[in-house]
Amino acid sequence: MRKSILLSAVFLTGATFLLADDDDKKGPPPNPCAGLPTAAQLTTFLNQVAPISTESAANSGPIGGLFNGTRMWAAVVNRNGQVCAAAASRTDPTQVWPGSQAIAKAKAYTANAFSLDTLALSTARLYTFTQPGHSLWSLGQSNLFESRFLTAPGDPTTGDGKIQGGLIFFGGGVPLYQNGKIIGGLGISGDTSCADHEVAKGVRHFATLDPSGGEFIDDIVYTNVTASVFGHPLCPNTFLNGNKIGDEAPAKYN
């Protein structure tokens, strides 16, 4: 009896060691956000594209808009649409529009959701398609934003790992690529949608995550410059790649 108990104990001990050794071989689970910018890197890239010192130069570019791209939220999602990082360009994030946190995350989700390895589709290029009378009208109802994952401006990380969804069809969202493969999306918000797009493509370029076709392959197309189904209207004080191209037309009333 004693011998049987001893053998059982030896067997169980050996099995435990084997299981532990097997777990060691498996290693930690893969990082779902591997290759994507962290929150700290997003802040760095935002300030490289639009240094805070240039805010007063908004009327002379190179980003344009209201603040020359200096008051921005940035968000990144992975290929599954999960939020990997969100950050503001300012040390005091309350001085960036609070509503832009949600918009940045939705733009990141949108750019990733409708791009492929072979098709980089910025949110700016979805504008015309999604207007009344066009072929994708009401697309915005298909993936609604999960506002329950929003957080205070000083702590935007609680939604990390969640699929917040939301679809935005104006400038500021671009897909992210690594070795020709799409790995997620980037969303930028905090200025005009045209300025948001300029900052988004700049941040993507600094992060070395451009599509294989280059940083301008999914660039914004303005309807007053080029007739295109991918057209986007001008914004107040609109710049394109450092050159001012015009202003949004004033509203007309009957």
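The values are calculated or read from the model by the stated rules, or taken from the named source; none is laboratory data. Computed from a predicted structure; not experimentally measured. Note that each Cβ is placed from the backbone with ideal geometry, even for glycine, and that neighbours are counted across all protein chains shown.
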Query raised in the report: Pick from ASN47, ASN78, ASN68: which is surrounded by 15 or more Cβ atoms within 10 Å (Cβ to Cβ) and under 22 Å from LEU167 (Cβ atoms)?
Result: ASN78
Query - Qualifying residue in the range 47-65 (condition: over 15 Å from VAL174 (Cα atoms), assigned to a loop (DSSP other than H, G, I, E, B) and of a type in the set (Ser, Thr, Tyr)) - result: no
Query raised in the report: Restricted to the range 194-245, and to residues that are over 16 Å from PRO175 (Cα atoms) and among the hydroxyl-bearing types (Ser, Thr, Tyr), which residue is farthest from the chain's Cα centre (by Cα)?
Result: THR226
Requested in this report: Mind checking which strands (runs of 3 or more DSSP E) fall wholly inside the range 136-254 and carry at least 3 residues that are closer than 23 Å to GLN41 by Cβ and in contact (Cβ under 8 Å) with a residue 60 or more places away in the chain?
Outcome: 173-178, 181-189
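Listed here are the residues, each with its yes/no results for (1) buried (at least 18 other Cβ atoms within 10 Å of the Cβ); (2) at pLDDT 95 or above; (3) within 13 Å of the chain's Cα centre (by Cα); (4) not small (Gly, Ala, Ser).
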{"residue": "GLN82", "(1), (2), (3), (4)": "yes, yes, yes, yes"}
{"residue": "LYS107", "(1), (2), (3), (4)": "yes, yes, yes, yes"}
{"residue": "ALA113", "(1), (2), (3), (4)": "yes, yes, yes, no"}
{"residue": "LEU116", "(1), (2), (3), (4)": "no, yes, no, yes"}
{"residue": "LEU126", "(1), (2), (3), (4)": "yes, yes, no, yes"}
{"residue": "GLY133", "(1), (2), (3), (4)": "no, no, no, no"}
{"residue": "TRP137", "(1), (2), (3), (4)": "no, no, no, yes"}
Requested in this report: Kindly indicate whether any position in the range 205-223 is on the phi > 0 side of the Ramachandran plot, among the polar types (S, T, N, Q), touching a helix residue (DSSP H, G or I) at 6+ places or on another chain (Cβ under 9 Å) and surrounded by fewer than 18 Cβ atoms within 10 Å (Cβ to Cβ).
Outcome: no
